[in-house]
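Below is one structure, written out as structure tokens; comments come after it.
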Amino acid sequence: MSCQCGAGASCNKDMGTPARPGEASITLTIDGQNISVPAGSSVMHAAALLDTAIPKLCATDSLEPFGSCRMCMVEIDGHRGYPASCTTPVTPGMVVRTQSEKLAKLRRGVMELYISDHPLDCLTCSANGNCELQTVAGQVGLREVRYGMDGANHLQEQKDVSNPYFDYDPSKCIVCNRCVRACEETQGTFALTIAGRGFESRVSPAGGTDFLGSECVSCGACVQACPTATLMEKSVIQWGQPERSVITTCAYCGVGCSFRAELKGNQLLRMVPDKNGQANHGHSCVKGRFAWGYATHPDRITKPMIRRSIDEPWQEVSWEVALNHAASEFRRIQQKYGRDAVGGITSSRCTNEETYLVQKLVRAAFGNNNVDTCARVCHSPTGYGLKQTLGESAGTQSFDSVMQADVVLVIGANPSDAHPVFASQLKRRLRQGAQLIVIDPRRIDLVDAIHARAAHHLALRPGTNVAMLNALAHVIITEGLLDEDFVAARCDSEAFGHWRHFVAQPEHAPEAMADVCGVAADDIRAAARLYASAGNAAIYYGLGVTEHSQGSTAVMAIANLAMATGNIGREGVGVNPLRGQNNVQGSCDMGSFPHEFPGYRHVSDDVVRAQFEQAWGVSLHNEPGLRIPNMFEAALDGSFKALYCQGEDIAQSDPNTQHVTAALSAMECVVVQDIFLNETAKFAHVFLPGSSFLEKDGTFTNAERRISRVRKVMDSLGGKADWEVTVALAQSLGYAMDYTHPSQIMDEIARLTPTFSGVSYTALERHGSLQWPCNAAAPDGTVTMHIGEFVRGKGRFMITRYVPTEERVNGRFPLLLTTGRILSQYNVGAQTRRTDNVAWHEEDRLEIHPADAENRGIVDGDWVGVASRAGQTVLRAKVSERVAAGVVYTTFHFPESGANVITTDNSDWATNCPEYKVTAVEIIKVNQPSEWQQRYRHFSRQQQELLRQGRGESVQ
Ligand code: SF4
Ligand code: SF4
Ligand code: SF4
Ligand code: FES
């Protein structure tokens with residue numbers, strides 16, 4: 001039986017203890033009413049299903065029951081005393097009473113003790129009206145407190161205000177332990193403990209004297225769990241309790257967490273993870289939970305601007321003037337240089353609807369296929385590799401699937417930093433006993449996670465993924481660990497035969513690959529055996545797989561492993577790309593690549609093209625257009641002259657920065673649509689103000705193909721949502737787009753895209769979210785792909801010969817640089833750098849192994865020059881054993897770091913995805929910025945000045 005209130009997917013009721021799976025097979029009576037619940041349910045949960053509220057303080061349904069506050073006592077026939085309903089499991093025929101004179105007296109007595117050590121400042125407390133202690137005091141009818149405040153108490157204890165986003169006020173703590181359990185069970189960080197005993201018991205952050213200095217990663221789970229104002233968001237302390245909320249989707253990473261944006265009037269007060277969120281189940285990380293202040297940062301540009309050249313001040317103009325100017329420039333350039341001299345870049349941070357419109361504008365209004373997206377530089381090899389092997393360019397599972405996995409192989413991904421909410425779920429599964437294999441050059445957090453250590457960490461040399469994956473496959477084939485039945489039934493036998501012969505060659509044996517990979521053969525063999533012999537084995541991978549010259553090969557090698565061991569097509573297994581940006585899956589789905597219409601259908605397919613021609617009322621080009629790197633080349637050759645770039649910062653995110661900026665400088669018209677004057681905008685001639693995710697309606701598609709609603713929380717600061725800007729630009733170009741709401745765009749997408757044909761805003765309201773394919777064959781969406789049959793029919797094994805990258809170490813460049821992200825910052829940092837997340841990471845640092853540092857006379861904090869074949873930059877060193885000797889590592893969140901000044905032009909053979917993860921470098925101690933950095937500073941200052949002049953601001 002379930003709750004009958006009718007709230008359905010939006011229910012926020014706290015059921016006290018977690019729901020248990022299974023049949024409602026145990027029937028009991030509570031206050032005279034019968035109820036049936038699954039075995040293992042608590043009496044409290046059963047009562048909540050009957051809408052019977054039992055007072056509680058230490059229980060909440062996101063955490064396992066703890067039984068410390070004694071507020072939830074009940075009477076049970078045949079039981080002595082007054083058992084706690086939260087920790088008492090139901091039994092058949094149990095008869096429970098939740099209310100009696102005696103219970104009321106006992107509960108009042110307990111509450112009296114709590115209140116006697118609690119400040120009685122409810123009216124001025126930040127939790128007033130939303131405090132469980134206050135509510136329960138009312139529930140139990142507490143009218144007087146017999147004990148004075150004169151005895152020992154905690155009322156004078158000092159607040160910890162060190163965390164930028166929440167305060168800890170110990171005077172209000174009732175030591176219910178919910179925060180400690182949230183940090184353990186929900187987040188998996190174990191940063192909190194209860195120090196002391198009895199009266200001395202206090203919540204204490206581990207590894208530091210205060211929250212900021214502790215191991216806390218600021219996920220907010222403890223704040224969420226706290227029933228009082230002890231742990232409270234600073235924004236609520238400052239502005240008061242919210243009055244209304246809007247459900248929307250986080251705009252940071254590919255986990256796609258659902259949030260309640262809580263507001264007072266029109267002011268956003270906090271983002272609270274939605275317990276009904278199907279990707280996050282009420283959990284969050286510091287970015288989505290707290291780092292939303294950038295949306296109203298003073299750096300936001302809210303007025304359209306134009307200028308003739310990048311040496312001139314910006315001029316603020318009306319939308320009409322800016323759009324007409326951009327359109328006339330595009331048309332002028334096409335007339336002068338030809339139809340193909342212009343193109344567009346879609347954004348993986350924008351909604352599906354917005355991305356769809358940009359590619360439509362390029363194909364229909366520009367009349368060419370020169371459209372690409374930032375997935376080019378991250379997961380384009382995923383699209384290619386999975387399409388070739390499995391038949392669909394997407395991950396196979398939902399995140400929840402990991403809870404069925406027995407062995408998890410994480411390769412080239414660092415979920416704790418880049419996909420934190422998934423990392424918490426994975427760690428939960430590992431604490432339940434699943435085993436972990438990590439293949440990564442760095443000792444990432446998962447390797448040593450508390451109560452969840454990796455069974456194997458294969459710290460391979462950057463650039464050797466394919467050699468490693470072939471070696472794993474070799475063990476599986478030669479030791480007979482493959483799933484013959486699965487392969488025979490589900491895969492193309494001829495392709496399998498070729499592949500089997502290929503990987504069985506001695507050259508792929510771990511013993512032959514050990515030196516190449518830098519990993520002992522025995523470790524490779526042990527990891528292969530563990531993966532292949534698990535009941536359910538799942539692979540999760542990230543940019544450490546794709547951003548290589550053999551990125552597509554590695555993706556195919558991963559798919560080969562999953563097929564060979566039968567680990568595909570059910571829960572707990574699969575091939576799971578951890579997508580970087582919030583909507584990178586969606587931007588690919590929406591036809592952002594130059595060779596594909598929405599739904600991954602080639603532009604040369606006459607039947608598909610005819611459908612789009614009919615729907616869009618134009619004839620469409622049948623040849624693929626330019627990829628982003630080709631656009632740069634063509635710009636430098638003089639044949640590509642104008643770019644419409646929505647929500648991407650290619651001057652910071654793409655490799656070989658000096659090459660990118662030279663290409664931008666060679667164009668006659670660069671139109672940037674963004675919320676800030678980003679690095680690319682410094683080379684722009686037209687600036688169209690973008691809108692943050694809080695300012696618009698639409699959908700994002702996360703890494704599990706889950707389409708979720710983005711809902712408008714506040715008005716667009718610039719007056720137009722991004723989709724409205726593209727509509728207006730199309731109209732200025734003379735191509736009619738007449739949508740009045742993004743739902744109409746989604747309806748068009750559904751009409752033209754077979755995997756989306758069942759998607760609509762109405763269906764999304766009904767389901768909460770939908771995983772594509774969603775169509776007549778799968779009206780409720782598809783949780784797990786390739787069940788029974790691969791999308792392409794038979795799974796196709798691909799030959800994955802290891803070809804070493806051309807980027808080699810030598811005497812001049814003896815170290816290998818690899819790059820990645822850190823938890824508190826996001827991608828190019830444009831958003832997170834404008835939040836208090838800089839408290840954790842205010843600059844990019846270069847991690848270097850102690851031996852390499854010592855050889856070069858470098859100590860922690862020294863400025864070091866990093867030189868590669870492409871360029872030089874200067875960073876501060878962080879001496880760390882997280883990286884192996886011979887490898888250095890940095891993040892790329894700050895433009896001035898110039899991480900991409902040193903990355904090279906090498907790219908994936910199939911997709912041109914840049915080889916960010918392997919750059920041969922040398923490190924030396926220096927005492928001044930690199931030449932590039934000095935030029936960059938000068939140029940940036942100049943551009944800020946031109947912006948100020950345009951806005952009529954005085955020079956600071
Ligand atoms: S914010 Fe998260 S990591 Fe920090 S103490 Fe709370 S639950 Fe633990
Ligand atoms: S800080 Fe809050 S959640 Fe933690 S023990 Fe105190 S009252 Fe309970
Ligand atoms: S895990 Fe990703 S989607 Fe979830 S809150 Fe963090 S950044 Fe947002
Ligand atoms: S709610 Fe049951 S003991 Fe605290």
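Between SER328 and ARG108, what is the label-point separation in nm under the 7 Å Cα-to-beta-carbon projection?
The answer from the label model is 8.2 nm.
Give me the distance between the Cα centres of region 530-560 and region 460-520, rounded to whole Å.
First find each Cα centre; the distance between them is then 12 Å.
Rounded, prolate or oblate: pick one for region 691-737, where a ≥ b ≥ c are the square roots of the eigenvalues of its C-alpha gyration tensor, a/c under 1.5 means rounded, and failing that, prolate if a/b is larger than b/c, else oblate.
Because a/c hits 1.5 or more and a/b fails to exceed b/c, region 691-737 counts as oblate.
Compute the distance in nm between two label points, each set 7 Å from the Cα along the Cα-to-Cβ direction, one at GLU243 and one at ALA736.
The answer from the label model is 4.3 nm.
Rounded to the nearest 0.05, what FRET efficiency do ALA778 and ASP14 give with R0 = 30 Å and r taken as the Cβ-Cβ distance? Could you check?
Efficiency at R0 = 30 Å is approximately 0.35.
Take every Cα pair under 8 Å in region 384-514 that's 6+ residues apart, average their separations, divide by the length, and report that relative contact order as a whole percent.
17
Measuring from centroid to centroid over Cα atoms, what is the spacing of region 285-354 and region 715-787 in Å?
One Cα centre to the other: 22 Å.
Between region 798-853 and region 904-937, how far is it from one alpha carbon centroid to the other, in angstrom?
First find each Cα centre; the distance between them is then 10 Å.
Ranked highest first by average number of other Cβ atoms within 10 Å, how do 576-588, 265-277, 904-916 line up?
576-588, 904-916, 265-277
Kirkwood hydrodynamic radius of region 602-748 from all distinct Cα pairs, in Å?
For region 602-748, the Kirkwood estimate is 17.4 Å.
Quick check: residue separation of HIS297 and ARG197 times 0.36 nm, minus the Cα distance between them. What number comes out in nm?
31.5 nm
Name the shape class, rounded, prolate or oblate, that the alpha-carbon gyration tensor gives for region 502-559, where a ≥ b ≥ c are the square roots of its eigenvalues, rounded holds for a/c under 1.5, and otherwise prolate holds if a/b is larger than b/c and oblate otherwise.
It is oblate, given that a/c is not under 1.5 and a/b is not larger than b/c.
Pulled fully out, how much extra length does the chain show between GLN404 and GLU842, if you take 0.36 nm times their separation in residues and subtract their Cα-Cα distance?
My answer for the length gained is 153.8 nm.
May I ask you to order 196-206, 787-797 by the average number of other C-beta atoms within 10 Å around their residues, highest value first?
Those peptides, ordered most packed to least, come out 787-797, 196-206.
How do 318-328, 550-560 rank on mean C-beta neighbours within 10 Å, highest first?
For the peptides 318-328, 550-560, the packing ranking is 550-560, 318-328.
Tell me, what is the percent relative contact order of the chain, built from C-alpha pairs under 8 Å that lie six or more residues apart?
13
Which residues in region 621-644 place their backbone N less than 20 Å from a point set 7 Å from the Cα of LYS336 along the Cα-to-Cβ direction?
Residues passing the 20 Å test: 631-644.
Going through the cross-link list LYS427/LYS794; LYS13/LYS720; LYS56/LYS264; LYS234/LYS712; LYS13/LYS712; LYS696/LYS917, which pairs have a Cα-Cα distance over 26 Å in this structure?
LYS427/LYS794; LYS13/LYS720; LYS56/LYS264; LYS696/LYS917
At 0.36 nm per residue, and after removing the present C-alpha to C-alpha distance, how many nm does the segment from SER116 to GLU312 gain when stretched out fully?
Result for the pair: 63.8 nm of gain on full extension.
For the chain, state the semi-axes of the equivalent ellipsoid (square roots of 5 times the eigenvalues of the alpha-carbon gyration tensor), sorted largest first and rounded to whole angstrom.
46, 34, 30
Under a straight-distance cross-link criterion of Cα-Cα below 26 Å, which lysines are reachable from LYS336, leaving out those fewer than 8 residues away in the same chain?
Straight-distance partners of LYS336: LYS360, LYS641, LYS682.
Could you check the simple spin-label distance between ASN34 and GLU633, using points 7 Å along Cα→Cβ, in nm with one decimal?
In this crude label model, ASN34 to GLU633 measures out at 7.6 nm.
Read-outs: derived from the displayed coordinates by stated rules, not from any lab. Model, not experiment: these values are computed from the prediction. Cβ: placed from backbone, ideal geometry, glycine included. Neighbour counts: every protein chain shown.
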